[in-house]
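Novice: The structure is given below, and queries will be raised subsequently.
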Amino acid sequence: MLRKQFPGAVPVMEAARDDVLAFLHFPQEHWRKIWSTNPLERLNKEIKRRTNVVGIFPNDAAIVRLVGSQLLEQQEEWQLERRRFFSEATMAKIPELEEMLKPTDGDPAKRAAVAMS
């Protein structure tokens, strides 16, 4: 479709095909959440806000402590407030690695198009 407009991008996209379609190995209920980077963006924004308050850190260990504590706080919030990103029921649907590596029938891109429609 865009091969004529962006011929230089064709080899890059073909090389990245497996990476781009990796979400297909997860249950369809997860796809929207996998596509979204909003939780990561919020977390990064909060880390940036807190590190800007400090300004200059005395050493690397101080940075690790501050960022680590923020990550731990976020993890606890996700666990305790039951705002899980994925439910236990949908997590159980994720195939084992061996299942994911088995050859599949059909093209992953075609399966994605069918599943999205």
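Novice: Every residue in the range 1-22 that is closer than 25 Å to Ala89 by Cβ and either touching a residue at least 40 places away in the same chain (Cβ under 8 Å) or not in a helix (DSSP H, G or I) (or both), please. Reasoning before the result, please.
Specialist: Applying the first criterion (closer than 25 Å to Ala89 by Cβ) to the range 1-22 yields 21-22.
Result: Leu21, single match.
Novice: Can you name the number of the only condition in (1) in contact with a helix residue (DSSP H, G or I) (Cβ under 8 Å, 6 or more places away or on another chain); (2) in contact (Cβ under 8 Å) with a residue 24 or more places away in the chain; (3) among the charged types (D, E, K, R) that Lys33 fails?
Specialist: Checking Lys33 against (1) in contact with a helix residue (DSSP H, G or I) (Cβ under 8 Å, 6 or more places away or on another chain); (2) in contact (Cβ under 8 Å) with a residue 24 or more places away in the chain; (3) among the charged types (D, E, K, R), the one that fails is (1).
Novice: Look at Glu46 and say whether it is of a type in the set (Asp, Glu) and surrounded by 11 or more Cβ atoms within 10 Å (Cβ to Cβ). Walk me through how you get there before you give the answer.
Specialist: Values: of a type in the set (Asp, Glu): yes; surrounded by 11 or more Cβ atoms within 10 Å (Cβ to Cβ): yes.
For Glu46, the condition - of a type in the set (Asp, Glu) and surrounded by 11 or more Cβ atoms within 10 Å (Cβ to Cβ) - is met.
Novice: Here are some conditions: (1) at pLDDT below 70; (2) in a helix (DSSP H, G or I); (3) more than 19 Å from the chain's Cα centre (by Cα). Pro103 meets all but one. Which one does it not meet?
Specialist: Answer for Pro103: the failing condition is (2).
Novice: Is it the case that some residue within the range 75-89 is more than 16 Å from Leu24 (Cβ to Cβ), exposed (fewer than 12 other Cβ atoms within 10 Å of the Cβ), of a type in the set (Asp, Glu) and at pLDDT below 80?
Specialist: yes
Novice: I would also like to ask the following. Looking only at the range 19-40, filter to residues that are surrounded by 10 or more Cβ atoms within 10 Å (Cβ to Cβ) and among the charged types (D, E, K, R); which one of those is farthest from Glu77 (Cα to Cα)?
Specialist: Filtering the range 19-40 for residues that are surrounded by 10 or more Cβ atoms within 10 Å (Cβ to Cβ) and among the charged types (D, E, K, R), the one farthest from Glu77 (Cα to Cα) comes out as Glu29.
The values are calculated or read from the model by the stated rules, or taken from the named source; none is laboratory data. In this text, all values refer to a predicted model and were calculated from it rather than measured experimentally. When we count neighbours, we look across all protein chains shown, and the Cβ atoms used for this are built from the backbone with ideal geometry, even at glycine.
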